[in-house]
Amino acid sequence: MMDDQPDDVLEAAIAVLGEAGEPLHWTVIQDRALRSGRIDPFTTPEVRRALLGALRRGVRDGSLHAAGTGVYELAAPAANS
């Protein structure tokens, strides 16, 4: 299903960052997601573009934080008041 693909790429990035437990450059996220099979280059055309778009969406929706140029980390959980 092509409509679900961007969410799948974001979920893959979130999983990679969760396992790493530290901020990672997008190239490392891409490499780990491809090596683990979370992103399939045969079903996700233009992996680089799909990943970078997913990372930007993650920052906009608050699930990720840009920790530097090209570096991303999981966003801190919101504090309950």
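Before moving on, here are some points about what is shown:
- Around residue 19: net Lys/Arg minus Asp/Glu count, Cβ-Cβ under 14 Å: -1
- In this calculation the C-beta distance from residue 73 to residue 43 is compared with R0 = 25 Å, giving a FRET efficiency of 0.40.
- Relative contact order [Cα under 8 Å, 6+ residues apart], the chain, whole percent: 34 percent
- Taking amide H positions as modeled 1.01 Å from N, with prolines and chain starts lacking one, the residues under 5 Å from residue 64 and 5 or more places away or on another chain are 59, 75.
- Shape index of the chain: Rg/Rh, with Rg the Cα radius of gyration and Rh the Kirkwood radius from the inverse mean 1/r over Cα pairs, equals 0.97.
- Backbone phi angles across region 47-57, fed through the Karplus curve with coefficients 6.51, -1.76 and 1.60 (θ = phi - 60°), yield HN-Hα couplings of 3, 4, 4, 4, 5, 4, x, 5, 5, 4, 4 Hz in residue order; Gly and Pro are listed as x.
- Net charge of the neighbourhood of residue 34, taken over other residues with C-beta under 12 Å away and scored Lys/Arg +1, Asp/Glu -1, is +2.
Just so you know, all these numbers are worked out from the coordinates, no wet-lab data involved. Please read these numbers as outputs of a predicted model, since none were measured by experiment. Note that we place each Cβ from the backbone using ideal geometry, even for glycine, and neighbour counts take in every protein chain shown.
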